[in-house]
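The structure under discussion appears below in the form of C-alpha cells.
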Amino acid sequence: MVRSARNWAANDAPTYFALLLWLAANILVFHRTFTEYMYEPRYYYLHEMLGVGLCVSRASASVLNLNCGLILLPMCRTVLAVIRGSTQCVGRKARRVLDGSRKFHMLCGAAICVAAATHCLGHFYNALNFSEHYNVKYPGVNAAAHPKQDPIQVLLPTVPGLTGVAMVLLLMLIVSTSSMAIRTVNYELFWYTHHLFLILYCLMLLHPMRGILKEQLNLDEHPPGCHMLMDTGGSNDTLNVTSEPEPEPEPYHGLMSYPEPEAEPLPEGSTDEFGRIVTCKGPPVFDTHAVEVWVWLVGPFCLYCAERVYRLVRSNSPAAISGIIEHPDEVVEVQLTKEGFVAKPGQYVVINCPDVSTLEYHPFTLTMCPSSRDPTFSIHLQKMGDWTESLYERLLPDTDGTDESLPVMVHRQYPILYVDGPFGSPSENVFHYDVSLCIAGGIGITPFASVLNHLLNEGTKSSRLRRLYLVWVCKNITSFLWIAQVLCSLQRQAWNENRPDFLNIHLHLTRSRDVQILEREYPFLNSRVHVGRPQWRHIFDEVARYNPR
Amino acid sequence: MGQIEWAMWANEQAIISAWVMLTGGIIGLTGFNRWEIAAYSVAAGIFIILLEYPRGKRKKGHTIERRYQQYLTRVIHACGTITSNYYIRFVLHLLLCVPAGFQLPTILGALGLFIASIIYFVAAFHGEKWQPIGIDTKGAPSSSNQTVITQPPSQPPPRAPAHVRPKRPAQPVEGDPTIL
C-alpha cells in the first residue's frame, strides 16, 4: 500500500498536479469573469436585460481565451525539446510531465469545445433577451433594432455573429477530423484541417470588434439604477420591460451613444428609495466594452509562429544522403549529413521530400545521432503508407531487368530530403535512470536503436545507466536483423568493460518462420529469441527481483 | 494526399452536426420563436445520428467501429441502395439542413450539415459507397477482424517445434493452429 502510494507519487503525481493547476486556472478565470459581469456597475443595464446569460457567455469566453492560448504551448516542439534537454533546470519528474504534452493539447482542445458550446448557448439566450427585453428607456444599450426583433437578425448580421458562426464551423471541421478513426487512417486530412486554426485565430481577434455588448461609461454622472427616480412616483416595477406597444425608435447608429431626449438632469440632492443622496447628471452613455482576447492569444501565438519560422529557416537547406542500406522486411536505413545538425539519442526529426509531396512532413526517430567524430545520422524507414512507399521506391529504384545485364556504374540520383528537428521524445530519458526497461514492437525499435548506438560510441560507463532491459516483439525473425549487429557489438563492448549483465535482451517472435536465420550469424541473439508474445508479469517480476530498491 | 476516404470524414462531420443540431433544437424549444423548426431539428438530429452511427467499411485495412454499432449496421444494411449510395445521402442532408437554418440555435447544426453533405458529394464523386462492417455481402456472417480457419490441423498434438518439423509441400494457411 505504502509502496504503491510512493510509486504513484513518483510517477503520476506531478502529472495530476499539473492537471489540477490547469483546472484551477480555468475555474478561477471563469469565476472572476462571472462575478465581474454579475456585480460590476458598468454592466448594470446590460445584466438587467440579459440576466445570467451575460455572465455565462462572458465567463465561458474567458475560459475559451485561456485554453486557446494554452493549446499552442505543447505544439512548440523546439521549445519543449530545449526545456527537456536542459537537465540542470528540469528534473526527472518535470520531464515526465512534458511527456504528456500531446495529451494536454487534446485536453485543451476538449475544453475549447465545451467552452465554445457554452459560449454559443449563452449568446443564443442573450440574443433572445435582447429582443424580448428591449430597453426603451436607454436604447443605447440595446443590440436589437426594435422590440421583438427576430433573434437571428439581432445576432447574425453583426461582426461578432458572423465571425462566431464561422469559428464554430471551423471548429467542427477540426474536431470531425481529429477523431481517432480519422487521425489514424487519413492523417493528411487531419494535418491539413488542423491548420485551419490560423483562420480561426484571426477570426477570434476580429470577433469582439464592433461588439454588441455595451458597458456604461459615465458611472460618476449616472449611477446605475438612478433611472428609477426619473419614473413618476419612484416606482421600480416599470423598469424597462414594456408590455404595451412602443413607437418605433429611430435607427440605431452603431457605437454612437444615443441622445436621451426625455431624461432631464435631476435636480441636485434627490434621494433614492433608501434615502441616499444620488446625483444624477444625465443619461447613461454606452460603448462597446473592451475585450482582451489578444492579451491571451498574442504571447502563445507569437511563440508558435516564431518557432514555425525558425523551423522553416532551419530546415531550409537539404540534408545530404551519404548512404543507403537495405534491410529485410522493406526497411531502408538512410544515412544523412547536415551541417550544424546536433541531436541527442531518442530524439526525432521530421522529413520532407518535395519529390513525393511538397507539404507533407513525416516524423522519424533518429537511429544514429551525429557525434563529434562522425557527423552522420541515420533513420530507418519502413514501407507502410503511400508516402513511405513512394520515398522507398525513390531511394531504392528497381535494378532488375536490363540494368542487371549491363554492369555499368550508374550515378544514383537521390531525392532531395529536408530535415527539420530534432525534437524531444520520452525515450531521451533512458540515460537518466539506473535501470531502464525499453519495450518496442517492430519498427518501434528505432528510438532504442539510437540509444544503443550512443552506448556503443560513448561506452557503457558514460551515463548513470547500469542495466538496460530490451524487450522487442516482432512478427518476422528477419526484422531482428535490422539492428542485430549493434546489439551484438554492444554486448561485446559491455563484456569488455567488465559489465556482462549490462544488456538484457528479450526477443519475441509472434510469427515463427525460418528461425534458423539467426542461428548461423548471431548465436548470441538466437539464444534470446522466445516464440510467442511476452509474458509481462514474468518480465516485470524478473526486473523487480534482480534490481531491488 | 493519397487515398483519402472522404466518406469517413463526411460521416464524422454529419454526426457532429447532428449533435449540434439536436442540442440547438432543444435550446430552441425553450422560449425562442418558431418552435416548429426547433422540434423539426430535434427529430432530424436524432434521425441523422441513427443513420450515420454505423461506420462504413474502409476500402482496405481495419475500420474502427463505433460502440454497439453492429445492431444499427444491420438496419442500415437492410435499407439497401437508399442508405449505401452517397449521392442519396448528399441530397438527403442538403434537404434536411435547409429548414433548420431559419432559427438561431439550430443554424450552426444546419451549416455543419451543409458542409457534411458537400463532403458526401465529394465521396460519392470518388466512387465511394457505404459497406457494412461485419456483414458479408454474400450473406454469410463473419467478424471483420477474425481469420476463419478453413482447414483442420493435419497432425494431432504433440507436434515438434516448427523448425524441426519437415517442410510440407503446401504453404500453411495464416492462422493455422499447426504453425505454433
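Quick notes
- One chain, two ends: residue A:303 and residue A:17. Fully extended at 0.36 nm per residue, the span grows by 100.5 nm beyond their Cα-Cα distance.
- For the segment A:26-33, counting C-beta atoms of other chains within 10 Å of every residue's C-beta and taking the mean gives 0.
- Shielding of A:381-391 by partner chains, average beta-carbon count, 10 Å: 1
- Contact order relative to length of region B:6-125, as percent, for alpha carbon pairs under 8 angstrom and 6 or more apart: 40 percent
- Which of B:79, B:45, B:22, positive extreme of dipole for region B:6-125 (C-beta unit charges): B:79
- Solvent-accessible surface (1.4 angstrom probe) belonging to residue B:121, in square angstrom, nearest 10: 80 Å²
- Relative contact order %, chain A, counting alpha carbon pairs below 8 Å whose residues are six or more apart: 11 percent
- Sorting B:9, A:8, A:536 by accessible area puts them as A:8, A:536, B:9; the probe is 1.4 Å, largest comes first, and only protein heavy atoms count.
- Accessible surface, 1.4 Å probe, highest first, among residues A:177, B:150, A:184, A:118: B:150, A:184, A:118, A:177
- Cα centroid separation - region A:416-450 against region A:303-324, whole Å: 20 Å
- Helical mean residue ellipticity (222 nm; -39500 (n - 2.57) per DSSP H run of 4+; nearest 500) of the protein assembly as shown: -14500 deg cm²/dmol
- Ellipsoid semi-axes in whole angstrom, largest first, where each is sqrt(5λ) of the Cα gyration tensor of region A:125-220: 38, 15, 9
- Put B:126, A:47, A:530 in order of accessible area, highest first, and with a 1.4 Å probe you get B:126, A:530, A:47.
- Between region A:66-123 and region A:139-173, the alpha-carbon center distance in angstrom: 31 Å
- According to the calculation over all Cα-Cα pairs in region B:70-139, the P(r) per 10 Å bin from zero is 21, 38, 31, 9, 1 %.
- Note on residue B:76: accessible area approximately 10 square angstrom, rounded to 10, probe 1.4 Å, nucleic acids and ligands left out.
- Put a dot 7 Å past the Cα of residue A:458, heading toward its Cβ, do the same for residue A:110, and the two dots end up 3.7 nm apart.
- Divided by 2.2 N^0.38 Å, where N counts the residues, the Cα radius of gyration of region A:498-549 comes to 1.35.
- Solvent accessible area, Å² - residue A:492, 1.4 Å probe, full protein context: 140 Å²
- Where labels lie 7 Å past Cα in the beta-carbon direction, separation of residue B:75 and residue A:27 in nm: 4.1 nm
- Applying the Kirkwood pairwise sum to the alpha-carbon positions of the protein assembly as shown produces a hydrodynamic radius of 31.0 angstrom.
- Partner chain coverage, peptide A:172-183 - average Cβ within 10 angstrom: 6
- In this Cβ point-charge picture (+1 for Lys and Arg, -1 for Asp and Glu), region B:6-125 has a dipole of about 500 debye about its Cα centre.
- Label sites at residue A:489 and residue B:35, each approximated as a point 7 angstrom past Cα along Cα to Cβ, lie 7.9 nm apart.
- Between region B:1-45 and region A:471-543, the alpha-carbon center distance in angstrom: 54 Å
- Base-10 log of normalised Debye intensity for region B:9-144 (one unit scatterer per alpha-carbon) at q = 0.18, 0.19, 0.20 Å⁻¹: -0.93, -1.01, -1.08
- Stretched out straight at 0.36 nm per residue, the stretch from residue A:153 to residue A:86 would grow longer than its current Cα-Cα span by 18.6 nm.
- Within the protein assembly as shown, percent of DSSP bridges classed antiparallel, to nearest 5: 65 percent
- In loop segments of region B:39-91 as defined by DSSP, the chymotrypsin sites (Phe, Trp or Tyr not before Pro) with at most 12 further C-beta atoms inside 10 Å of their C-beta are B:68.
- For region A:429-474, the spread of Cα coordinates along the three principal axes comes to 29, 19, 13 Å, biggest extent given first.
- All lysines inside 24 Å of residue B:60 as judged from Cα atoms, apart from same-chain residues fewer than 8 positions distant: A:383, A:475, B:129, B:138
- Once the Cβ-Cβ distance of residue A:210 and residue A:295 is raised to the sixth power relative to R0 = 22 Å, the FRET efficiency obtained is 0.70.
- Calculated FRET efficiency, residue A:199 to residue B:154, Cβ-Cβ distance, R0 = 56 Å: about 0.35 to the nearest 0.05.
- Taking max minus min of the alpha-carbon positions on each principal axis, region A:453-549 gives extents of 38, 30, 17 Å, largest first.
The values are calculated or read from the model by the stated rules, or taken from the named source; none is laboratory data. Keep in mind the model is a prediction, meaning the values are calculated, not measured. Positions of Cβ are generated from backbone atoms using ideal geometry, with glycine treated the same way; all protein chains shown enter the neighbour counts. Ligands, DNA and RNA are excluded from the accessible area calculation, which covers all protein heavy atoms including side chains. Shrake-Rupley method; radii C 1.70, N 1.55, O 1.52, S 1.80 Å.
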